[in-house]
Each structure stands twice: as C-alpha cells, then as structure tokens.
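As structure tokens, the structure follows; a few thoughts come after it.
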Amino acid sequence: MSTPKIFESEYRFCLILWEKEPCKSGELVALCRERLKWKPTTTYTVIKRLSERGILKNENSIVSSLVSKDEIQRAELDEMVEKTFEGSIPAFFAAFTKQRRLSEKELDEIQAMIDRYRGGEGE
C-alpha cells in the first residue's frame, strides 16, 4: 500500500499529533488553537478527513497515527525527486548543494550513510 498524500495544513496538524500521541481529541483542539490558530471545527474536520484516508484513527476520542512521520516524509521526498529531478538522486543532491554549503559534520554524516548503504544496511 502506498503512503497517503497529505497537504501542508494536515502535515502541520500531524506534527502536533506525532509529538503528543495518543492524544485526546479535545487536547488536540486546544493545541491546534494555540499553535495553528485553528477553530475547533477545523481541527475536528481534519481529524475526520485524515481518519477517512487511513492516516490516523480516532477511537473513543483518542487520536493516534496510522502513518509515521518518516513514512510521510519519505513519500513526499520521493514524489518531489521524481517530479522535479526525473527520479535522479544525484541531480537532487547537486541542486541542493548549489544552494547550501555543507559543513564537515554534514558531509561526514552523508558519507557514513553512503558507506552503510553500500554495506547493505540501507536496503
């Protein structure tokens, strides 16, 4: 099964949920009012919509995710690389590094990831 697509406002809601889950829907309403400036009806609508799409579950007013932050981020990145860079990771990396200078620490972390992947750990 592919990871469901979520929109920017839904992602911001999910960030709050992932931080607090499992969480009572009333607590989510208060957090969304505070952090996102949403009305209670907006929060309940988003909970219902994400529940219908299989991204979260709401049982007895306790909300928890069915899709992890990593899964959503991976799906969004895959879509962006496919759409913008024709699926080429080297083209993505080249574009990314043209805009930003990487520190020695970041380069070391990337090299360690490549080494782990070559060693079979990244599959």
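None of the figures in this text is laboratory data; all of them are computed from the coordinates on show. Being a predicted model, the structure only gives us computed values, none of them experimental. Neighbour counts run over all protein chains shown; Cβ positions are idealised from the backbone, glycine included.
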### Query
What percent do you get for the relative contact order of the chain when only Cα pairs under 8 Å and 6+ apart count?
22
### Compactness relative to 2.2 N^0.38 Å, alpha carbon Rg of the chain
1.33
## Note on the structure
Counting Lys and Arg as +1 and Asp and Glu as -1 over every other residue whose Cβ sits under 13 Å from the Cβ of Leu50, the net charge comes to +3
### Task
Would you mind pulling out the separation of the Cα centroids of the range 63-103 and the range 5-52, in Å?
24
